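Trainee: So that we are looking at the same thing, I have put the structure below in structure tokens.
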Amino acid sequence: MTRIPLFLVVAAAALVTAGCTADPAPQSTGTGEVTPGVLTVGTGEPAYSPWVVDDEPESGEGFESAVAYAVAAELGYEEVVWVRTTFEEAIQPGPKDFDVNLQQFSITPERAENVDFSTPYYETTQVVVTTGDSPAADARSLADLKPLLIGAQTGTTSFGAVEASIAPDAGTQVFNSNDDAKLALENGQVDAIVVDLPTAFYLTGAELDDGVIVGQLPPSAGTGDEFGFVLPKGSALTEKVSAAVDALREDGTLDELAATWLADAGDAPVLR
């Protein structure tokens, strides 16, 4: 995920703070495992569909939950333990209480200075989101969107995607955060906003009244985000996890899991 709505970060941080104890943070062993013989997997608090269904990663339901269990099986683990972390906590330097963590972490050089990344298990697209009463709800092409007011958060791949794919007549409407962009959409200040796929899922499913996914921007814009497992910096598991992800990609497992759990996204048309 490129960015998380600010209120989620604040709420998650409050939960973590409330649950803090004086116990020292667990350290990975020489094998890269917090607990030898067990794969300890981190996810968000809470974790949302379609990545984790009903905030129950232990069920194996949801794309990232299923991917984690597939990787564990590929590595030969018979036991998986889940722990919760905030998004920012996972990518900060320092000891971790997980072996791997997945919550839509975009692989970036800046983050790779603090943590290890596996090879990508999923590449997301940029998505146009609007509301049912907006003129953008009837858009079927990039040309339909061009005369409308389209917003995005500054400094993000979403903003670059608007510029590259839509090039709105009035210029891209700039916002400091996705929360600001969403508020402008709700207030009718813009006709649509562009966010990455996980944010689009969340906005249309939990935040916006009558939220609508208009469609995906074309991948040729080169503004997709690749999601990878986060591991502690220098983990002995990094190469093994990457090899497992690569094997699951090559044998078609990742595509099958995406088709199962992210089918709604696949149904969203690619706008041309």
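Trainee: Can you tell me which residues in segment 164-201 are in contact with a Ser or Thr (Cβ under 7 Å, 6 or more places away or on another chain) and part of a loop (DSSP other than H, G, I, E, B)?
Mentor: The answer is 176, 191.
Trainee: Looking at the structure I just gave you, is residue 152 surrounded by 15 or more Cβ atoms within 10 Å (Cβ to Cβ), touching a residue at least 12 places away in the same chain (Cβ under 8 Å) and part of a helix (DSSP H, G or I)?
Mentor: no
Trainee: Considering segment 229-250 alone, what residues qualify as being among the acidic types (Asp, Glu) and more than 20 Å from the chain's Cα centre (by Cα)?
Mentor: Listed by number, the residues that qualify are 239, 250.
Trainee: Could you please tell me which pairs satisfy a Cβ distance under 9 Å, a separation of 6+ or placement on different chains, a first residue in segment 164-187 that is free of Cβ contacts under 8 Å to residues at least 60 places away in the same chain, and a second residue that is of a type in the set (Lys, Arg)?
Mentor: Pairs found: 166/146; 167/146; 168/146; 169/146; 175/182.
Trainee: Shifting gears a bit: Read through the list (1) closer than 30 Å to residue 253 by Cα; (2) of a type in the set (S, T, N, Q); (3) at pLDDT 95 or above, then give the number of the only condition that residue 125 fails.
Mentor: (3)
Trainee: Working carefully through the options 161, 70, 90, find the one that is within 26 Å of residue 55 (Cα to Cα), in contact with a Leu (Cβ under 6 Å, 6 or more places away or on another chain), touching a residue at least 40 places away in the same chain (Cβ under 8 Å) and not in a strand (DSSP E or B).
Mentor: 70
Trainee: Considering only segment 189-210, state which residues are open to solvent by 10 Å² or more (accessible area, probe 1.4 Å), under 11 Å from the mean Cα position of the chain (by Cα) and under 27 Å from residue 143 (Cβ atoms).
Mentor: 201
The values are calculated or read from the model by the stated rules, or taken from the named source; none is laboratory data. Remember, predicted model here, so these are calculated numbers, not experimental data. Cβ coordinates were reconstructed from backbone atoms using ideal geometry, including for glycine residues, and neighbour counts include every protein chain displayed. Areas reflect the complete protein model, heavy atoms only, side chains present, ligands, DNA and RNA absent. Shrake-Rupley method; radii C 1.70, N 1.55, O 1.52, S 1.80 Å.
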